[in-house]
1. Taking 26 Å as the cut-off for C-alpha to C-alpha distance, list the pairs among Lys38/Lys70; Lys44/Lys103; Lys38/Lys84; Lys44/Lys85; Lys44/Lys84; Lys36/Lys70 that go past it.
2. If I model a spin label at Leu49 and Asn93 as a point 7 Å from the Cα along the Cα→Cβ vector, what separation in nanometres do I get?
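Read the figures in this text as sums done on the coordinates, not as results from a lab. This one's a predicted model, so the numbers in the text were calculated from it and none came from an experiment. Ideal geometry is used to build each Cβ from the backbone, glycine not excepted, and the neighbour counts take in all protein chains shown.
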Amino acid sequence: MTKTCPKCRKKLDEKSFIKDKNKHICDKCYDLAQPKPKVYYEIKVESLLPSTITYRILAESPEQAVEMIKHSNPISVKHKLIGKKDIKLTVYNFGCSVILFIKNFIR
């Protein structure tokens, strides 16, 4: 015996129908109607300065989590000081704008 799904109008057999709130709908329409569960994703971003920035985002998919890091604050930043490259060093007195010492590392 075949039935017709009221949403997609496909004719399917009795086994592929699900009873949902007194309406018989097919498996595919039932899966599309269910909300996707949100999962915590941990995103680690390596930047030009040798450091790793870590974000924790609650999103439905990894692609959505990547889009959401633009508007959120990181939970941790780990610096790798071994790989850093010094370019210029400037020394000031605390609370003052008078330069006391300048050293250029790259010429």
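1. Lys44/Lys103; Lys38/Lys84, as the Cα separations exceed 26 Å there.
2. 2.7
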